[in-house]
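Peer 1: Quick one: structure below, then a few questions.
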Amino acid sequence: MPTTMRINGKVFQSHSAPTARLLDVLRNDCHLKGTKEGCGEGECGACAVLVNGKLVNSCLVPLGQMERAEITTVEGLPEDSALARAFVRCGATQCGICTPGMMLAATALLAEHAHPTLEEIRWGLSGNLCRCTGYGRIYAAIAQAAGGPADV
Amino acid sequence: MSLTGAPAQRDQRADSPARVDGFAKITGSALYVDDLPCAGGLFGATVRTAMAGGILQEVIFDPAMDWSDFVIVTAKDIPGVNAVKLLENDQIVLVERTFRHAGEAVVLLAHADREVLGMALKRVSLVEQLNPDPIFDIDEALQAEREMIPGNLYADYLLNRGDLAEGERRAEVVIEACLRTPAQEQLYIEPQGMLARVQANGDILVEGSLQCPYYVLDALVQCLGMDKNRLRVVQSTTGGAFGGKEDYPSMIACHAALLALKAGGRPVKLIYTRGEDLRVTPKRHPSRTLIRLGANKAGTLQFIDMDFAIDGGAYRTLSPVVLSRGVIHAPGPYKCPNIRVRGRAVATNHPPFGAFRGFGAPQSIFAMEVAMDRLAKKLGMDPAELRRKNLLRSSDVHATGEVVGADCFAHATLDVALERTHYHQRLAEYKAWNAAGHPTRKGIGLATFAHGAGFTGNGELHLASRVSLQVLAHGHVEILCSNTEMGQGAATTLVQIAAEALGLPMDSVYLAQTDTSRVPNSGPTVASRTCMVVGDLIQKAAERLLRRLREAADLPASYDAQDFAAACGRLHAAKGDALVTAHYHPPAGMLWDEQTFWGRAYASYAWATYIAEVEVDVLTLETRVLDFTAVQEIGKAVHPVIVRGQIEGGVAQGLGFALYEAVLWNARGVMANDRLTNYIIPTSADLGDIHVVLLEGGLGAGPKGAKGVGELPMDGPAPAVVNAIQQALDIDICQIPVLPEYLLERCAAKPPAQEIPTVRREY
């Protein structure tokens with residue numbers, strides 16, 4: 001039986017097995033390559049997407065649970081937003097492989113806390129590994145996107 | 001020489017234009033190797049040895065399985081040489097009979113369905129005969145009767161200055177220690193992978209995640225026995241490397257190309273899973289250092305004696321050059337008349353160790369800096385004062401015999417770091433805190449060090465790098481070089497250097513995709529050399545280009561982008577050569593003797609003082625870094641935001657090295673904790689504040705006096721953290737990572753401070 005979801009606002013029907021990983025459905029069936037696989041076991045957050053507004057690791061989610069779900073991937077985020085501009089300006093991306101997941105984690109965080117404290121940012125990103133930045137530039141970008149100071 | 005203000009005081013916006021790769025990465029549109037289209041393609045997988053070296057007796061393909069749909073490659077399918085081209089042809093591409101470690105590739109499989117491929121991997125069985133007594137320990141390898149190679153030594157170096165015996169006579173206080181650092185995984189978040197296809201004319205195209213396209217090209221030439229002109233290597237967006245994608249991509253590229261050669265025109269994608277990547281690709285060399293330091297009562301160093309050994313693993317790969325950098329950096333940024341450093345890279349049955357940010361220096365600097373604190377303690381001196389007394393100044397003689405010139409800022413970094421951290425005040429506060437019986441103990445520790453940028457000694461001369469600039473008719477300029485963007489910001493920095501030298505806006509300059517069919521060989525993207533060495537070549541090429549445009553196309557002395565475009569149009573119309581190339585020439589006085597480690601080892605050293613403040617929970621023995629301050633003199637920050645990002649990220653990796661990252665080995669010498677659930681790198685919740693201070697002396701060998709910075713931040717965090725913990729708990733720490741389990745052991749072992757193992761010490 002096919003699974004019907006809304007992905008980035010568009011209805012999508014997948015005929016993959018209900019046990020298929022959401023990550024593979026997004027990458028292979030929907031050709032949304034912005035969602036990355038870093039570890040395949042829910043540790044790194046490179047495959048993070050929003051499911052009904054909640055941040056989840058798509059490598060751990062079986063397709064069968066996605067019936068009628070609202071899914072947002074990095075391709076579904078606005079290209080020009082305060083967050084995107086701040087990520088560029090602050091140097092929050094280096095190699096970029098964690099960046100899509102970070103953008104979604106930041107989106108989820110800002111939806112919950114419009115003006116997050118540094119501590120809230122730290123915890124909000126703690127499920128997303130970045131090996132390049134030491135995280136400081138990412139904190140700065142999120143604070144800046146939330147209307148905070150230019151330098152954190 | 002005065003230091004200009006740190007870039008924090010300069011206009012950062014003007015100096016730090018937006019990253020050229022920023023938009024594609026933030027929107028998720030950048031294509032990494034696993035994202036590349038591969039229509040009608042196959043997926044590749046690798047069958048590997050299970051034993052720690054031995055003889056392969058038989059390969060059995062399960063007869064119950066239909067293998068007709070599979071592409072199968074074994075050693076007999078290799079058209080060229082069965083060895084990965086690097087320093088020496090000792091590492092094999094595919095095992096034919098003998099092998100040296102668990103995890104060596106034997107059979108390559110490709111199939112259109114990833115799931116079927118996964119099942120098929122389990123249906124190939126290898127009959128292996130294990131060599132007796134595999135070796136996994138450095139000192140065991142040095143003493144073992146069983147030799148994998150003569151003496152089990154890949155390299156044996158001696159740096160010898162002055163007279164050690166004289167130093168021993170003059171020394172009034174001597175300390176001795178044995179210090180160890182573990183393997184460390186680079187843990188780029190994008191696993192390694194390659195995509196290979198045979199094109200209609202029979203040429204082969206390999207695309208993938210890599211640092212050094214010409215290393216991969218040379219490896220393909222040798223393994224496939226094909227002409228260079230029929231092979232093309234293209235770098236896809238690379239999701240982190242840190243040294244980990246310096247040599248191993250050559251192996252994966254050979255495997256993918258061998259499969260593609262038998263796949264009847266279908267492309268083959270060979271992407272490692274995280275577990276496979278952790279188990280088989282190279283990591284930082286584990287090290288063991290026996291160190292003795294002697295000083296007079298006033299704290300002036302009289303001798304440094306180090307026996308520095310690193311585990312090279314089962315093949316030579318890059319170990320001799322890692323060792324050489326480790327040896328040169330071992331005596332630190334100190335003035336000492338009598339120095340002996342013996343360095344050895346030993347053969348064991350681990351998978352080969354390789355490049356990782358710092359390349360041997362973090363290991364030997366760790367030993368030196370922890371030993372300096374032991375010496376300070378024995379002298380009853382403050383560790384900062386001991387360093388101040390011994391740090392190099394201009395006109396002192398460096399350990400390699402080089403007279404230190406004006407470009408020496410060791411003292412400046414120490415002064416700034418002490419001031420910024422309120423070091424002496426903190427020290428007193430933490431002593432009072434620790435005496436008051438709180439449930440935690442606090443400490444403040446430091447490390448002073450220098451890191452040489454570029455290839456060691458004559459390395460840059462041998463590389464003979466070339467960079468070209470191509471003028472397009474409409475006034476845009478393309479940079480052609482083989483240096484790769486892997487997250488460190490090279491693409492932006494190189495474009496910025498070219499744009500500035502040409503007096504053009506950034507968007508008039510492009511960096512060509514790293515494609516060996518188009519770009520000249522400007523050397524590998526390693527050794528903190530890209531900004532300094534390649535950036536300097538770009539600047540020289542830009543000067544040459546401007547000269548040509550003035551002479552051949554009437555570019556006015558003062559011009560804007562429009563004048564420039566018009567001159568480019570005239571150059572093209574006149575069919576003038578629109579390509580200029582700059583070649584590497586060593587800086588004056590760049591003389592180096594590889595046999596005696598004598599001369600000028602690096603074109604520039606960056607100088608640094610790092611200070612860690614830690615808190616250890618007395619009950620759980622967990623260590624938290626409260627604050628970290630990284631002060632470095634780097635010549636010139638070309639792009640301050642990128643430079644800060646490099647330092648912050650490097651410090652984070654260094655803190656992981658110090659506190660969390662433990663590679664555990666199984667009985668076959670393979671990484672046992674081969675998952676991100678049990679190989680722990682710092683998360684955002686683990687790291688405290690990292691303060692970066694950039695000092696600019698403007699005397700480096702790069703553009704505007706810049707020096708390399710990529711590797712520098714890896715050197716300091718581990719010794720600074722360990723020194724802070726030693727102070728907090730008043731114990732000796734002899735290894736990293738400082739896990740609570742280890743601290744429990746050390747605290748229980750107190751007071752007998754430490755054991756010094758007896759090992760071969762002849763020189």
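The values are calculated or read from the model by the stated rules, or taken from the named source; none is laboratory data. Since the model is a prediction, treat every value here as computed from it, not as a measurement. Cβ: placed from backbone, ideal geometry, glycine included. Neighbour counts: every protein chain shown. Each accessible area value is taken on the protein alone, full model and side chains, heavy atoms only, with ligands, DNA and RNA left out. Shrake-Rupley method; radii C 1.70, N 1.55, O 1.52, S 1.80 Å.
Peer 1: Of B:Phe23, B:Thr273, B:Gln129, which is farthest on the positive side of the dipole of chain B, counting Cα position, with +1 on Lys and Arg Cβ, -1 on Asp and Glu Cβ, and the Cα centre as origin?
Peer 2: B:Phe23
Peer 1: How far apart, in nm, are the 7 Å Cα→Cβ label points at B:His572 and B:Arg544?
Peer 2: Between B:His572 and B:Arg544, the simple spin-label model gives 2.2 nm.
Peer 1: GluC sites (Glu not before Pro) within the range A:1-87: which are DSSP loop residues with at most 16 other Cβ atoms inside 10 Å?
Peer 2: Taking the range A:1-87 and a limit of 16 other Cβ atoms within 10 Å, the loop GluC sites (Glu not before Pro) found are A:Glu41, A:Glu67, A:Glu79.
Peer 1: Would you mind checking the radius of gyration and Dmax of the protein assembly as shown based on alpha-carbon positions, in Å?
Peer 2: So, for the protein assembly as shown, Rg and Dmax equal 27.3, 85 Å respectively.
Peer 1: A follow-up question, please. Whole-Hz ³J(HN,Hα) for each residue in the range B:92-101, computed from phi via Karplus 6.51 cos²θ - 1.76 cosθ + 1.60 with θ = phi - 60°, x for glycine and proline: what do you get?
Peer 2: Per-residue couplings from phi come out as 7, 7, 9, 5, 9, 9, 9, 8, 10, 8 Hz.
Peer 1: Reachable aspartates and glutamates from B:Lys269, Cα under 13 Å, same-chain residues fewer than 8 places away excluded?
Peer 2: Here the aspartates and glutamates satisfying the reach criterion relative to B:Lys269 are B:Asp34, B:Asp35, B:Asp113, B:Glu207.
Peer 1: I would also like to ask the following. Over the Cα atoms of the range B:662-720, what radius of gyration and what Dmax do you get, in Å?
Peer 2: According to the Cα coordinates of the range B:662-720, Rg and Dmax are 18.1, 52 Å.
Peer 1: Taking only Cα atoms of chain B, what ratio of Rg to Rh do you get with Rh as the Kirkwood inverse-distance radius?
Peer 2: Checking Rg against Rh, the ratio lands at 0.98.
Peer 1: So, with +1 on the Cβ of K and R and -1 on the Cβ of D and E, and no other charges, what is the size of the charge dipole of the range B:459-583 about its Cα centre, to the nearest 20 debye?
Peer 2: Dipole about the Cα centre, nearest 20: 320 debye.
Peer 1: Hey, if you put +1 on the Cβ of every Lys and Arg and -1 on every Asp and Glu Cβ in chain B, which of B:Met368, B:Ile611, B:Gln562 ends up farthest toward the positive end of that dipole?
Peer 2: It is B:Gln562, whose Cα lies furthest towards the positive end.
Peer 1: Two decimals is fine: what is log10 I(q)/I(0) at q = 0.11, 0.19 Å⁻¹ for chain A, from a Debye sum with one equal scatterer on every Cα and no solvent?
Peer 2: -0.40, -1.08
Peer 1: Ok, one more. Working only with C-alpha atoms, what are the Rg and Dmax values of the range B:129-242, expressed in angstrom?
Peer 2: So, for the range B:129-242, Rg and Dmax equal 23.4, 75 Å respectively.
Peer 1: Report the calculated FRET efficiency for B:His438 and B:Thr300 (r = Cβ-Cβ distance, R0 = 41 Å), to the nearest 0.05.
Peer 2: 0.65
Peer 1: Here's another thing I want to ask about it. If I model a spin label as a point 7 Å beyond the Cα along the Cα-Cβ vector, how far apart are those points for A:Ser81 and B:Ser394 in nm?
Peer 2: Computed distance between label sites A:Ser81 and B:Ser394 equals 5.3 nm.
Peer 1: Near B:Lys335, which lysines are there with a Cα under 21 Å away, not counting those fewer than 8 places off in the same chain?
Peer 2: B:Lys297, B:Lys377, B:Lys378, B:Lys389
Peer 1: Could you work out, residue by residue across A:118-129, how many beta carbons of other chains sit within 10 Å of that residue's beta carbon, and then give the average as an integer?
Peer 2: 3
Peer 1: Please report, in whole Å, how far the alpha carbons of the range B:551-591 spread along each principal axis, starting with the longest.
Peer 2: 44, 24, 15
Peer 1: In the range B:476-565, if every C-alpha pair distance is counted and binned at 5 Å from zero, what percent goes to each bin?
Peer 2: 3, 14, 25, 24, 17, 10, 6, 2, 0
Peer 1: FRET efficiency for B:Asp554 and B:His583, Cβ-Cβ distance as r, R0 = 25 Å, nearest 0.05?
Peer 2: Efficiency computed from Cβ-Cβ geometry: 0.40.
Peer 1: With a Cα-only, solvent-free Debye model of the range B:63-139, what are the log10 I(q)/I(0) values at q = 0.23, 0.25 Å⁻¹?
Peer 2: At q = 0.23, 0.25 Å⁻¹ the computed log10 ratios are -1.17, -1.25.
Peer 1: Let me check I've understood the local charge: for B:Asp311, count other residues with C-beta under 9 angstrom from its C-beta, Lys and Arg +1, Asp and Glu -1. What total comes out?
Peer 2: Taking every Cβ under 9 Å from that of B:Asp311, the sum is 0.
Peer 1: Same structure again: Using θ = phi - 60° and the Karplus relation 6.51 cos²θ - 1.76 cosθ + 1.60, list the HN-Hα couplings for the range B:397-404 in order, rounded to whole Hz, with x at every Gly or Pro.
Peer 2: So the Karplus estimates, Gly and Pro as x, are 9, 6, 4, 8, x, 6, 7, 6 Hz.
Peer 1: Something else about it: Over all residues in A:81-94, what is the mean tally of Cβ atoms on other chains that come within 10 Å of each residue's Cβ?
Peer 2: Across the residues of A:81-94, the mean count of other-chain Cβ atoms within 10 Å is 6.
Peer 1: Between the DSSP loop rule and a limit of at most 10 other Cβ atoms within 10 Å, which trypsin sites (Lys or Arg not before Pro) in the range B:231-318 are left?
Peer 2: Sites meeting the loop and neighbour criteria: none at all.
Peer 1: Going from most exposed to least, what order do B:Asp593, B:Asp203, A:Asp80 have by accessible area with a 1.4 Å probe?
Peer 2: A:Asp80, B:Asp593, B:Asp203
Peer 1: What is the magnitude of the charge dipole of the range A:13-69 about its Cα centre, with +1 placed on the Cβ of each Lys and Arg, -1 on the Cβ of each Asp and Glu, and no other charges, expressed in debye to the nearest 20?
Peer 2: 160
Peer 1: Please list 3J(HN,Hα) in residue order for the range B:116-126, calculated via the Karplus relation 6.51 cos²θ - 1.76 cosθ + 1.60 where θ = phi - 60°; whole Hz, with x for glycine and proline.
Peer 2: 4, 4, x, 5, 5, 4, 7, 9, 9, 10, 10
Peer 1: Within chain A, which whole H helices from DSSP have a Cα span along their axis of at least 15 Å and a mean Kyte-Doolittle hydropathy of 0.0 or more, if any?
Peer 2: What comes out of the filter, once short or polar helices are dropped, is A:99-112.
Peer 1: Stokes-Einstein D for the range A:3-76 at 20 °C, 1.002 mPa s, Kirkwood Rh over Cα pairs, in µm²/s?
Peer 2: 182
Peer 1: Could I ask something else about it? Any idea what the relative contact order of chain B is, in percent, if you count C-alpha pairs under 8 Å spaced at least 6 apart?
Peer 2: That works out to 16 percent.
Peer 1: Which one of B:Gln470, B:Leu301, B:Tyr742 is farthest out on the positive end of the charge dipole of the protein assembly as shown, using unit charges on Cβ (Lys, Arg +1; Asp, Glu -1) and the Cα centre as origin?
Peer 2: B:Gln470
Peer 1: Would you kindly state how much longer the chain becomes between B:Asp77 and B:Glu594 on full extension, computed as 0.36 nm times their sequence separation minus their alpha carbon distance, in nm to one decimal?
Peer 2: This chain segment gains 182.2 nm when fully extended.
Peer 1: Which value in deg cm²/dmol, rounded to the nearest 500, describes the helix-derived mean residue ellipticity at 222 nm for chain B, given -39,500 (n - 2.57) per DSSP H run of n ≥ 4 and division by the residue count?
Peer 2: -9000 deg cm²/dmol
Peer 1: Pop out the carbon and sulfur fraction of the accessible area of the protein assembly as shown as a percent, whole number, probe 1.4 Å.
Peer 2: 52
Peer 1: Right, here's the next one. To the nearest 10 Å², what's B:Lys378's accessible area with a 1.4 Å probe?
Peer 2: Accessible surface of B:Lys378 is approximately 130 Å².
Peer 1: Now a separate question. On average over all directions, what projected area in square nanometres does the range A:82-145 have, based on the convex hull of its Cα atoms?
Peer 2: Computed as one quarter of the Cα hull surface, the answer is 3.5 nm².
Peer 1: State which stretch of chain B is the longest one without any exposed GluC sites (Glu not before Pro), exposure meaning a DSSP loop state and at most 15 other Cβ atoms within 10 Å.
Peer 2: No qualifying site falls inside B:173-593, the longest such stretch.
Peer 1: Compute for chains A and B the buried accessible surface, both sides summed, probe 1.4 Å, and express it in Å² to the nearest 100.
Peer 2: Answer for the A-B pair: about 3700 Å² buried.
Peer 1: Consider all pairwise Cα distances in the range B:345-468 and report the whole-number % of them above 16 Å.
Peer 2: 76
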